[in-house]
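S.K.: Below you will find the structure I want to go over with you.
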Amino acid sequence: MRWTTTAGKCLLALGVLLAGCVPAERPGADGADADRGPLTLATAGDLTGYLGSVLGDWNRVHPDEQITLVQLPDSADETHAQMVTDLRRGERSRFDVLNIDVAWTSEFAAAGWLRPLARDRFPLKSFLPPVVDTATYNNKLYAVPYVTNAGLLLYRKDILAKEGVSPPHTWAELEEAAKTIAPKYGLGGYAGQFLPYEGLTVNAAEAVYSAGGSILGDEGRRVTVNSAAARQGIGFLARGVREGWIPRAALTYKEEESKQAFEDGRLLFLRNWPYAFASASAPGSAVAGKVGVVPLPGLDGPGRSVLGGSDLAVSAHARHPDTAARLIAYLTSEAVQRQVLTRGALPPVRAALYEDPDLVQQFPYLPILRSSVLHAAPRPKSPRYDQVSLVVQAAVQDALTGHQTPEAAVRRLSRELDAVSTH
């Protein structure tokens, strides 16, 4: 097994937790051995420590198709920048297979950096349906979903039980409990990830989606954000900060900071990914045994999460595209997907795993997560997604900090997104 490590820890490693048996091989579409050979797999750093052993399993079975792992920085922005720099080198690119954030597929495909994939080479019908959309651009498959994710609402079930209150299903219920119950216990009411980075884009999109709105349509060619739903969604978050039931400290939170605040017993409600529920429920957490989880609330009922996770894509200049396709089929096999869940506590893309009785017993949040994924939506799809995200972050931050009204922020967002989409 060969290793190349260029940096430390993981962000997208949430999407590359690998283990299991190598499935039966399928010959290349043209049967040409020339399409088989060694490859480089690029991803953000591996926090889990068992990625190497799985690639080692592959390498032992495929001595002529060795996989070299290249680990990029733990920052999504830095990983994105390094992948873009490499892909722009064209035939001199050193990356063959890329583990990319689901939001990058459209950008990379539109730039001509990814190789279109044959749908019949992958078990797409075995996946949760919404995840496949993250891997397409203009109705063509340019990647294969590897790990999915959906935001959930964590809450202090011990406190709500003591108050005789059910977990919230609407924003009004969440707001009422955050205002009236949290202060009685010295807690902040509600937090998400509100620092201006990708997490703020996700939280803002979820607020807009959960009010029935959207941000972009037609693969980013149409701006749809200037709506009553967007004003309600951004207004809900801005009101929370202004009235104090979203603590101002939440304006500095990313995933880890918000998770730690909840684990320390400082919050009544938290929006985060499923890994935060697993961490908060583990021994050593100050709230272990006191944590409940439900789908995100929305304006009039259950809300709509943004789909997270990662997709596996093949560079347009991959040296051995048949090996690349077979490697992706291996990494999305049921055996490996089971390990993604059981060893990584990360949401797999295989639908059957969410209904496996043994897994549900081990991970009781699976039915809720499945429902959340099935009702989730991708982040705004655009070939200029990096610019879209920066525009969303800037406008929403100004609304949360009170520098603009939600109404003004949405109008600005519409204007600036229109400029990006027509650039």
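S.K.: Considering the range 335-360 alone, what residues qualify as being in a helix (DSSP H, G or I), of a type in the set (D, E, K, R) and either at pLDDT 95 or above or closer than 15 Å to A278 by Cβ (or both)?
M.R.: R343, E355, D358
S.K.: Please tell me if A377 is open to solvent by less than 30 Å² (accessible area, probe 1.4 Å) and in contact with a Ser or Thr (Cβ under 9 Å, 6 or more places away or on another chain).
M.R.: yes
S.K.: Follow-up question, since we're still on this one. Determine which member of the set D158, D218 is among the acidic types (D, E) and either over 27 Å from E256 (Cα atoms) or free of Cβ contacts under 8 Å to residues at least 12 places away in the same chain (or both).
M.R.: D218
S.K.: Same structure again: I need the full set of residues from the range 134-176 which are exposed (fewer than 15 other Cβ atoms within 10 Å of the Cβ), within 30 Å of V336 (Cβ to Cβ) and not polar (S, T, N, Q), in order please.
M.R.: K140
S.K.: Could you run through the range 205-249 and say how many residues are open to solvent by less than 30 Å² (accessible area, probe 1.4 Å), assigned to a helix (DSSP H, G or I) and hydrophobic (A, V, I, L, M, F, W, C)?
M.R.: Qualifying residue count for the region: 10.
S.K.: Could you check F194 against (1) within 26 Å of Q387 (Cβ to Cβ); (2) open to solvent by 30 Å² or more (accessible area, probe 1.4 Å) and say which number it fails?
M.R.: Evaluating F194 over (1) within 26 Å of Q387 (Cβ to Cβ); (2) open to solvent by 30 Å² or more (accessible area, probe 1.4 Å) leaves (2) as the failure.
S.K.: Now, a different point. So, restricting to strands (runs of 3 or more DSSP E) that lie completely within the range 1-91, which ones have at least 2 residues that are at pLDDT 50 or above and not hydroxyl-bearing (S, T, Y)?
M.R.: The qualifying strands (runs of 3 or more DSSP E) are 39-44, 67-72.
S.K.: In addition: Output the qualifying pairs, or none if there are none: Cβ atoms under 8 angstrom, residues six or more apart or on different chains, first residue in the range 162-180 and in contact (Cβ under 8 Å) with a residue 12 or more places away in the chain and closer than 9 Å to P297 by Cβ, second residue open to solvent by less than 70 Å² (accessible area, probe 1.4 Å) and of a type in the set (S, T, Y).
M.R.: Short answer, once both residue conditions are applied: P167/Y155; P168/Y155; W171/S210; L174/Y190.
S.K.: Can you find a residue that is β-branched (V, I, T), part of a helix (DSSP H, G or I) and open to solvent by 20 Å² or more (accessible area, probe 1.4 Å) anywhere in the range 96-105?
M.R.: No; the residues of the range 96-105 include none that is β-branched (V, I, T), part of a helix (DSSP H, G or I) and open to solvent by 20 Å² or more (accessible area, probe 1.4 Å).
S.K.: Determine whether the range 312-321 contains at least one residue that is open to solvent by 10 Å² or more (accessible area, probe 1.4 Å), assigned to a helix (DSSP H, G or I) and either at pLDDT below 95 or of a type outside the set (F, W, Y) (or both).
M.R.: yes
S.K.: For V202, indicate whether it is in contact with a Ser or Thr (Cβ under 6 Å, 6 or more places away or on another chain), buried (at least 22 other Cβ atoms within 10 Å of the Cβ), in contact (Cβ under 8 Å) with a residue 60 or more places away in the chain and not small (G, A, S).
M.R.: For V202, the condition - in contact with a Ser or Thr (Cβ under 6 Å, 6 or more places away or on another chain), buried (at least 22 other Cβ atoms within 10 Å of the Cβ), in contact (Cβ under 8 Å) with a residue 60 or more places away in the chain and not small (G, A, S) - is not met.
S.K.: Then there is this: Look through the range 289-300, keep the residues that are on the phi < 0 side of the Ramachandran plot and outside any strand (DSSP E or B), and return whichever of them is least open to solvent (accessible area, probe 1.4 Å).
M.R.: L296
S.K.: Right, something else. In the range 396-412, what count of residues is obtained for those that are assigned to a helix (DSSP H, G or I), without any contact (Cβ under 8 Å) to a residue 40 or more places away in the chain and either more than 11 Å from G235 (Cα to Cα) or not small (G, A, S) (or both)?
M.R.: Residues meeting the conditions: 2.
S.K.: Taking the range 110-133 as the search range and keeping residues that are in contact (Cβ under 8 Å) with a residue 40 or more places away in the chain and in a helix (DSSP H, G or I), which one is surrounded by the most Cβ atoms within 10 Å (Cβ to Cβ)?
M.R.: Taking the candidates together, the pick is V131.
S.K.: Look at the range 384-409 and say how many of its residues are open to solvent by less than 40 Å² (accessible area, probe 1.4 Å) and within 21 Å of the chain's Cα centre (by Cα).
M.R.: Qualifying residue count, the range 384-409: 8.
S.K.: What is the one condition in (1) under 30 Å from G52 (Cα atoms); (2) out of contact with any strand residue (DSSP E or B) (no Cβ under 6 Å at 6 or more places or on another chain) that L312 does not satisfy?
M.R.: For L312, the exception is condition (2).
S.K.: Further, regarding this structure: For the range 322-334, give me each residue that is surrounded by 23 or more Cβ atoms within 10 Å (Cβ to Cβ) and not in a helix (DSSP H, G or I).
M.R.: Answer for the range 322-334, where residues must be surrounded by 23 or more Cβ atoms within 10 Å (Cβ to Cβ) and not in a helix (DSSP H, G or I): just T332.
S.K.: Within the range 258-288, track down each residue that is surrounded by fewer than 22 Cβ atoms within 10 Å (Cβ to Cβ), more than 21 Å from P348 (Cα to Cα) and free of Cβ contacts under 8 Å to residues at least 24 places away in the same chain.
M.R.: Of everything in the range 258-288, those that are surrounded by fewer than 22 Cβ atoms within 10 Å (Cβ to Cβ), more than 21 Å from P348 (Cα to Cα) and free of Cβ contacts under 8 Å to residues at least 24 places away in the same chain turn out to be Q260, D264, P283, G284, S285, A286, A288.
The values are calculated or read from the model by the stated rules, or taken from the named source; none is laboratory data. Note that the coordinates shown come from a computational prediction; the quantities given were computed from them, not determined experimentally. So basically every Cβ, Gly included, is an ideal-geometry build from the backbone, and we count neighbours across all protein chains shown. Ligands, DNA and RNA are stripped out before the accessible areas are found, and what is left, the full protein with its side chains, is counted by its heavy atoms. Shrake-Rupley method; radii C 1.70, N 1.55, O 1.52, S 1.80 Å.
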